[in-house]
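Down below is the structure, laid out as structure tokens.
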Amino acid sequence: MRTLSFGAFACATLLGSCPALSEMSEQQYDFVQANMIGVFYHEMGHAIIDTEEVPIFGQEEDAADVLSALLIHETFLEEDAQSIAFDAAYGYINDPSGMEAVAYWDNHGPDEQRFYNHVCIFFGAAPDKRRALAEDLGLPEERADWCPAEYEQASEAWGTVLDEMAKRPQKDTLVFIPGTGWHADVLNEIVATEVEDFNANFTLSHPVQVRVEPCGQANAFYQADGRILTMCTEFIDHMLELEKRY
Ligand SMILES: [Zn+2]
């Protein structure tokens, strides 16, 4: 368990030497950081499914979302975990106006459903401490009743895989390749911290490259061919845009 790192923000406020960061308020930075952690853990879900040959019954995208919520719960101390889970929940809603047509054919579930699944797993992990959070996020009682059981099931399924990776000798199987360009400094710092933390706790069966780079779209993806996890720098502006709308 750890607390959130504020290294990047401190750099902007204390030294004044991070130009892209200095334009971000603390609230904006928190929103961006929480969402990039949530997205990174989701992509790690795809990476682990590939390297550990995890059998998936159902949608792989759902399994990756579940891992993301579980890792937020497992990695951070309560206050930080709640703040990340709260901000990362809103990261699922790409169209807060609700005007965009739902793409039911998509391999990701509808945004609102991903939002509630995320809130449910995170709430179900510690219902006594997180009732207020679940209420703030609008989790209905009808669903909330099931969340502790949903968490248990998720935790057992992913727990077996995570335990296996934790037992192996430490080997730095995530290899970080920092990026350059607009907002790369922000994303480099956030992702580097997560890579270091993952390597300290887990060893994959095969190494995976984690790259921060511009990709022409606000996205992140895992390519099984070559085992490359890419976090796109365009995501930062997308998150700042979303943050403005909330
Ligand atoms: Zn995915």
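Scanning segment 113-145 for residues that are in a loop (DSSP other than H, G, I, E, B) and surrounded by 19 or more Cβ atoms within 10 Å (Cβ to Cβ) yields L137, L139. How many residues are in contact with a Gly (Cβ under 9 Å, 6 or more places away or on another chain) and more than 26 Å from F86 (Cα to Cα) if we restrict to segment 212-243? Within segment 212-243, residues that are in contact with a Gly (Cβ under 9 Å, 6 or more places away or on another chain) and more than 26 Å from F86 (Cα to Cα) number 2. Being farther than 28 Å from L162 by Cβ and of a type in the set (A, V, I, L, M) is a description that does not apply to L229. Of all residue pairs spaced 6 or more apart or on separate chains, those with beta-carbon atoms under 8 Å, a first member in segment 133-156 that is touching a residue at least 60 places away in the same chain (Cβ under 8 Å) and polar (S, T, N, Q) and a second member that is in a helix (DSSP H, G or I) and open to solvent by less than 50 Å² (accessible area, probe 1.4 Å) are S155/L70; S155/A125.
Each row is one residue, and each column tells you yes or no for (1) assigned to a helix (DSSP H, G or I); (2) within 16 Å of the ligand (Cβ to nearest atom); (3) farther than 14 Å from V32 by Cα.
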site: I190; (1), (2), (3): yes, no, no
site: E196; (1), (2), (3): yes, no, yes
site: S205; (1), (2), (3): no, no, yes
site: V210; (1), (2), (3): no, yes, yes
site: F221; (1), (2), (3): no, yes, yes
site: T230; (1), (2), (3): no, yes, yes
site: H238; (1), (2), (3): yes, yes, no
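Of all the criteria given as (1) within 16 Å of the ligand (Cβ to nearest atom); (2) open to solvent by less than 30 Å² (accessible area, probe 1.4 Å); (3) out of contact with any Ser or Thr (no Cβ under 8 Å at 6 or more places or on another chain); (4) not hydrophobic (A, V, I, L, M, F, W, C), the one not satisfied by N107 is (2).
E53 falls short on exactly one of the conditions (1) within 13 Å of the ligand (Cβ to nearest atom); (2) outside any helix (DSSP H, G or I), and that condition is (1).
Quick test for you: out of V175, V186, V210, V195, pick the one residue that is under 18 Å from A47 (Cα atoms), open to solvent by less than 30 Å² (accessible area, probe 1.4 Å) and touching a residue at least 24 places away in the same chain (Cβ under 8 Å). Sole residue among the options that is under 18 Å from A47 (Cα atoms), open to solvent by less than 30 Å² (accessible area, probe 1.4 Å) and touching a residue at least 24 places away in the same chain (Cβ under 8 Å): V210. Do the conditions hold for G98, that is, is it assigned to a loop (DSSP other than H, G, I, E, B), within 15 Å of the ligand (Cβ to nearest atom) and surrounded by fewer than 20 Cβ atoms within 10 Å (Cβ to Cβ)? Taking the combined requirement at face value, the residue does not satisfy it.
Let's see how each residue does on (1) of a type outside the set (A, V, I, L, M, F, W, C); (2) open to solvent by less than 20 Å² (accessible area, probe 1.4 Å); (3) within 16 Å of the ligand (Cβ to nearest atom):
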site: Y29; (1), (2), (3): yes, yes, no
site: N35; (1), (2), (3): yes, yes, yes
site: E43; (1), (2), (3): yes, yes, yes
site: I48; (1), (2), (3): no, yes, yes
site: G58; (1), (2), (3): yes, no, yes
site: A64; (1), (2), (3): no, yes, yes
site: D80; (1), (2), (3): yes, no, no
site: A88; (1), (2), (3): no, yes, yes
site: D111; (1), (2), (3): yes, no, yes
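The values are calculated or read from the model by the stated rules, or taken from the named source; none is laboratory data. Every value quoted in this text rests on a predicted model; they were computed, and no experiment measured them. Virtual Cβ from ideal backbone geometry, glycine too; neighbours counted across all protein chains shown. Heads up: the accessible areas ignore ligands, DNA and RNA and are worked out on the full protein's heavy atoms, side chains in. Shrake-Rupley method; radii C 1.70, N 1.55, O 1.52, S 1.80 Å.
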